[in-house]
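See structure below.
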Amino acid sequence: MMTEETINNNDTTTAGTAPGKTAGTRSIAIFTEFDEALLRRDYVDKQPFVLRGVASDWPVSGKWDYDWIRKQCGDTTIRPYCFNRKSKSQSYLFQAVFNRTKMTIEKFFAEKFQKGGSLWSIKECHEVFEAHPELKEDFQFEDVYMGPTDIPRAHYFWIGNADSSIGLHADMVIYSCMLQIHGRKHWKFYPPADKEYLYMETKGAIDGGMYSPLDVFSTVDLTEYPLFAKATEFNLILQPGDILYVPNGWWHAVYSMDATMSVNYVAERCNNISTGFLSAWWINDYLEGSRLLLLYLLRQMLTFITYILPVGSSSNKNKKTETLLDNDTGAVWTPKSDEMEAKGK
């Protein structure tokens, strides 16, 4: 049986709809039964869909919670990251790459999880299943897997604080599905054909993905990004027990409405460059990452030079005071006061 879920974007429990998007005009198909023939014919490699209730008898149900993970995997070393989607100086890609730190899961729970608006998350964590491969037995993804069987697959672990998010991006993977274990996530999707409307940040895929600077959970400035008004938006609230399928190349951003836990099952990454010397994915990642880092450093250098110019100089006379956001708390530092002022998120 199939249903469709309409998102009320005026509901304060969800992040809002961007300008140019009509609330509830696009939704994701939700199936309460696994009809493989139908899904292969109309959905696989074509559009996202949800299986609701299909995983209710999997061993993970009723077993995995935050305390259980903390006890089972507390000594596992991971690399959580912090993403403040309201930062004006650091894009999602930059934060995803550089705003990371190494710690154990025990330390993450003690210092970063549900601690006064913390925006830290565990993202695409393979270390948990490498250290504890027996945990894979709690999932039965193969029962609903419809991708190629002759390529490697991997499990990834995710935990998010309430109000944390994943920026707009598209994964270059052959097959990906995710089981939502705890909490709700608001997903926004855009089809691959709309890439030109999303202001892709990189010249090609980097680290197996493509990235956009747009914060689609806030008001997108259509004077700065006018093409975004042409993008087709799909909305979904992913609930505990749901299995979400996301086709290769579909753009998406994710907002954690509650504290969340998820596991996804992914076939190996696609190679976004097929020929020549740069066909090695790591060479392309290195070059693209170096370009982005250089641009960021140059921008920061110009900002610093502007600040140290004499107060009466023409370039500084009418300049608006710029702020730097603290990624963890949402506090703001202004060059004028040299003080951290709590502004909230």
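Some observations on this one:
- Region 15-267 shape via C-alpha gyration tensor axes, a/c threshold 1.5: oblate
- The stretch between TRP68 and TYR199 holds 43.0 nm of extra length on full extension. This uses 0.36 nm per residue minus the Cα-Cα distance.
- Restraint check, LYS71/LYS195; LYS46/LYS88; LYS115/LYS195; LYS115/LYS188; LYS63/LYS107; LYS115/LYS230, Cα-Cα greater than 31 Å: LYS71/LYS195; LYS46/LYS88; LYS115/LYS195; LYS115/LYS230
- A Förster radius of 35 Å, combined with the Cβ-Cβ distance separating GLU134 from ALA162, puts the computed FRET efficiency at roughly 0.75.
- Bridge type composition, region 15-267 - antiparallel percent by DSSP, nearest 5: 90
- Förster-model FRET efficiency, 41 Å R0, GLU36 and ASP75, C-beta, rounded to 0.05: 0.55
- The modelled label-to-label distance between SER89 and TYR145, using points 7 Å beyond Cα along the C-beta direction, is 4.5 nm.
Where a number appears in this text, it was derived from the coordinates with a stated rule and is not lab data. Bear in mind that the values here come from a model prediction, so they are computed numbers and not experimental data. Cβ sites come from the backbone with ideal geometry, for glycine too, and all protein chains shown count toward neighbours.
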